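K.L.:
Here it is, the structure in full.
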Amino acid sequence: MFRGDKVFEKFEKRVWLSSPTMHGDELKYMKEAYTSNWMSTVGENINEVEKKVCEYTGSKYAVALSAGTASLHLAIKAAGIKVYGMPKSGVNVLEGKKVFCSDMTFAATVNPVVYEGGEPVFIDSEYDTWNMDPKSLKKAFEIYPDVKIVVIAHLYGTPGKIEELNKIIEEHNAVLVEDAAESLGATYKGRQTGTFGDYNILSFNGNKIITGSSGGCFLTDDEEAAKKVRKWSTQAREDAPWYQHEELGYNYRMSNVIAGVVRGQLPYLDEHIARKKAIYERYKAGVKDLPLLLNPFDNENSNPNFWLSCLIVDSDAMCRQVRSENETCYIKETGKTCPTEILESLSKINAEGRPIWKPMHMQPIYRMNPFITKEGSGRARTNAYISGEITDIGMDIYSRGLCLPSDIKMTTDEQDRIIEVIRSCFG
Ligand SMILES: *Cc1c(COP(=O)(O)O)cnc(C)c1O
């Protein structure tokens, strides 16, 4: 296909993991905001985004906010008040309360629990979808039967075992907060992610499947909660001629300019998903004879949005790789490789890859938080952790996996060269 020397030449233009892909309408709607002077957190673009997001996902209510993280914060606050009521102080809704959270995810999934004074308890992942493991969640409820809130993310756009997880959550009368920041457009048994939880969120960050450059959205079928979130996000003003406040407010509303970008992107969501899927399938075909797997999904029940294509190297094809808190090295062995070598090789040709999200239970900031695997407390094996032994599924996927360049604008020629570079690492 290529002359050997050509494959390893640097791309002139960097091939990104996932960068914004604009279509033109974004500028039109931003301009409308400008010319109509709705340069504020009120306006037609915001209304349209909320309407279109409801239509697309099937959620009853949508509140457009400044970021996915802000949306999660207010979702957690709504969940906390629903379960525990408003505390006398009006702040720290989760003071001292444990909350079950996805472990292998972006930190923004779990930080909002801490904003509200709660304590994240991390639940191990499973190999079938790389999301929260139902067996581990069951175990966690055995250990902490009083927990009433569960936060679940769908990693890289692949729906987790949401029905099974939800059944366990319902059995314990707990509330589900669904983090669909990465999975907008992905479905499980035909139903959109971001509609399974009592409170749910989306993100329009620059690297997501569609973007507003920033932005997020709160989704719910609970009218009261939607009203509350809208109020909190705009400084919690009461109905009065002056600034009257009974509740703690935030400045979390989406800007009408940002909403113009999101509004312009929404009609292209399905096209983005189709192009991401084609990238995933091209990788899959290109590496099918290598000792590795692409990020797996439930073929029968789910349609991922294929936001990022990832791979995991088979255990017996892994060369030795060691990671400290901020450095990594490996020892090359013939026929074997590791994420570090593949990422270095991609970087050499100017293509951007990334390690899998480092699990929260391995993060210094959360080192004292409980971590539950299907066997029980994953924290009992600290010695194994220090010695580098793999003791849980999240750590295993993290050590053997990586995210591949998955940018929609990547050409097939570029992707073929990337596949050749991956192939060369197994040499
Ligand atoms: C991006 C992301 C968020 C945060 O969204 P922002 O809009 O960047 O604040 C939360 N959770 C997950 C899983 C994400 O990938």
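The values are calculated or read from the model by the stated rules, or taken from the named source; none is laboratory data. All values derive from a computational prediction rather than experimental measurement. Methodologically, a virtual Cβ is constructed for each residue, glycine included, from the backbone with ideal geometry; neighbour enumeration extends over all protein chains shown. What goes into the accessible areas is simple: the full protein's heavy atoms, side chains included, and nothing from ligands, DNA or RNA. Shrake-Rupley method; radii C 1.70, N 1.55, O 1.52, S 1.80 Å.
K.L.:
Which order do Leu27, Leu269 take when ranked by solvent-accessible area (1.4 Å probe, heavy atoms of all protein chains), largest first? Mind dumping the intermediate values first?
P.N.:
Numbers: Leu27 115, Leu269 0 Å².
Descending accessible area places them as Leu27, Leu269.
K.L.:
Can you give the charge dipole size of segment 156-309 about its Cα centre, rounded to the nearest 20 debye, using +1 on the beta carbon of Lys and Arg and -1 on the beta carbon of Asp and Glu?
P.N.:
Values: 18 positive and 22 negative charges, 168 e Å.
Roughly 800 debye for segment 156-309.
K.L.:
A further question follows. Which whole-number percent gives the relative contact order of segment 25-266, counting Cα pairs below 8 Å spaced six or more residues apart?
P.N.:
On the way: 554 pairs, mean separation 68.9, N = 242.
The normalised contact order for segment 25-266 reaches 28 percent.
K.L.:
Using Cα centres only, tell me the gap between segment 110-179 and segment 278-305 in whole Å.
P.N.:
Cα centres, segment 110-179 to segment 278-305: 25 Å.
K.L.:
Mind ranking His23, His361 by accessible surface for me, highest first, 1.4 Å probe?
P.N.:
From most exposed to least exposed: His23, His361.
K.L.:
With every protein chain left in place and a probe of 1.4 Å, what is the accessible surface of Tyr144, to the nearest 10 Å²?
P.N.:
Probe radius 1.4 Å; accessible area of Tyr144 about 60 Å².
K.L.:
Any chance you could give the angle, 0 to 90 degrees and rounded to 10, that helix 269-286 forms with the longest Cα principal axis of the chain?
P.N.:
Result, in degrees: 20.
K.L.:
Could you sort out which of Lys60/Lys276; Lys13/Lys348; Lys88/Lys228; Lys208/Lys277 sit more than 20 Å apart by Cα distance in this structure? Working shown, then result.
P.N.:
Numbers: Lys60/Lys276 28 Å; Lys13/Lys348 13 Å; Lys88/Lys228 18 Å; Lys208/Lys277 15 Å.
Table pairs above 20 Å Cα-Cα are Lys60/Lys276.
K.L.:
A follow-up question, please. Share of segment 25-266's accessible area from carbon and sulfur, percent, 1.4 Å? Walk me through the numbers on the way to the answer.
P.N.:
Details: 4710 of 9420 Å².
Of all accessible area on segment 25-266, carbon and sulfur atoms account for 50 percent.
K.L.:
With a 10 Å radius around each residue's Cβ, average the other Cβ atoms per peptide and rank 325-338, 305-318, highest first. It would help to have the intermediate numbers written out before the result.
P.N.:
Details: 325-338: 13.4, 305-318: 21.2.
Final packing ranking: 305-318, 325-338.
K.L.:
Ignoring everything except DSSP H segments at least 4 long, calculate the 222 nm mean residue ellipticity for the chain; use -39,500 (n - 2.57) per segment, divide by total residues, nearest 500.
P.N.:
Numbers: 14 runs with 148 residues, N = 427.
Helices in the chain give a 222 nm mean residue ellipticity of -10500 deg cm²/dmol.
K.L.:
Could you check how many percent of all C-alpha pairs in the chain are farther apart than 30 Å? Don't skip to the end; give the middle numbers.
P.N.:
On the way: 40316 of 90951 pairs.
It works out to 44 percent of all Cα pairs.
K.L.:
Another question about this same structure. First check a/c for segment 25-266, with a ≥ b ≥ c the square roots of the eigenvalues of its C-alpha gyration tensor; if it is under 1.5, answer rounded, and if not, answer prolate when a/b is larger than b/c or oblate otherwise.
P.N.:
Details: a/c = 2.26, a/b = 1.33, b/c = 1.69.
Oblate, because a/c is 1.5 or more while a/b does not exceed b/c.
K.L.:
Using a 1.4 Å probe and counting only protein heavy atoms, arrange Asp124, Asp198, Asp239 so the residue with the most accessible area comes first.
P.N.:
Values: Asp124 5, Asp198 55, Asp239 160 Å².
Listed by decreasing accessible area, they come as Asp239, Asp198, Asp124.
K.L.:
Give me the 1.4 Å probe accessible area per residue for segment 25-266, excluding ligands and nucleic acids, in Å². Could the numbers behind the result be given before it?
P.N.:
Details: 9420 Å² over 242 residues.
Dividing the accessible area of segment 25-266 by its residue count gives 39 Å².
K.L.:
Along the charge dipole of the chain, which of Ile408, Thr129, Gly197 sits closest to the positive end, that is, farthest toward it, with unit charges on the beta carbon of Lys, Arg, Asp and Glu (+1, +1, -1, -1)?
P.N.:
It is Ile408, whose Cα lies furthest towards the positive end.
K.L.:
Which residue, Ser255, Cys338, Asn295, has the largest displacement toward the positive end of the dipole of segment 255-393 when charges sit on each Cβ (Lys, Arg +1; Asp, Glu -1)?
P.N.:
So the residue we want is Ser255.
K.L.:
Further, regarding this structure: Picking from Phe100, Pro370, Ile273, whose Cα lies most toward the positive end of the charge dipole for the chain (charges on Cβ: Lys, Arg +1; Asp, Glu -1)?
P.N.:
Result: Ile273, furthest along the dipole toward the positive end.
K.L.:
On a 0 to 90° scale, report how tilted helix 162-171 is relative to the longest principal axis of the chain, with both axes built from alpha carbons and the result rounded to the nearest 10.
P.N.:
50 degrees
K.L.:
Beta carbons within 10 angstrom, averaged per residue: use that to sort the peptides 36-48, 128-140, highest first. If you can, show how the numbers build up before the last one.
P.N.:
Numbers: 36-48: 16.8, 128-140: 23.3.
Top to bottom by mean Cβ count within 10 Å: 128-140, 36-48.
K.L.:
Accessible surface of Arg263 in the full protein assembly, 1.4 angstrom probe, to the nearest 10 Å²?
P.N.:
We get 40 Å² for Arg263.
K.L.:
Rounded, prolate or oblate: which fits segment 17-93, taking a ≥ b ≥ c as square roots of the Cα gyration tensor eigenvalues, rounded meaning a/c under 1.5, else prolate when a/b beats b/c?
P.N.:
Numbers: a/c = 2.34, a/b = 2.00, b/c = 1.17.
Prolate shape, in that a/c is at least 1.5 and a/b is the bigger ratio.
K.L.:
Which whole-number percent gives the relative contact order of the chain, counting Cα pairs below 8 Å spaced six or more residues apart? Kindly include the intermediate steps, with their values, before the conclusion.
P.N.:
Numbers: 946 pairs, mean separation 99.6, N = 427.
Answer for the chain is 23 percent.
K.L.:
In whole Hz, what ³J(HN,Hα) sequence does segment 124-141 give by Karplus (6.51, -1.76, 1.60; θ = phi - 60°), x for Gly and Pro?
P.N.:
The phi angles translate into 4, 9, 10, 7, 5, 9, 6, 9, 4, 8, x, 4, 5, 5, 4, 4, 4, 5 Hz.
K.L.:
Right, next: Size of the dipole of segment 25-266 about the Cα centre, Lys and Arg at +1 and Asp and Glu at -1 on the beta carbon, nothing else charged, in debye to 20? Please list the in-between numbers first.
P.N.:
On the way: 26 positive and 33 negative charges, 70 e Å.
Computed about the Cα centre, the dipole is about 340 debye.
K.L.:
Something else: With only Lys, Arg, Asp and Glu charged, each at its Cβ (+1 for the first two, -1 for the last two), find how big the charge dipole of the chain is about the Cα centre; round to the nearest 20 debye.
P.N.:
For the chain, the charge dipole is close to 560 debye.
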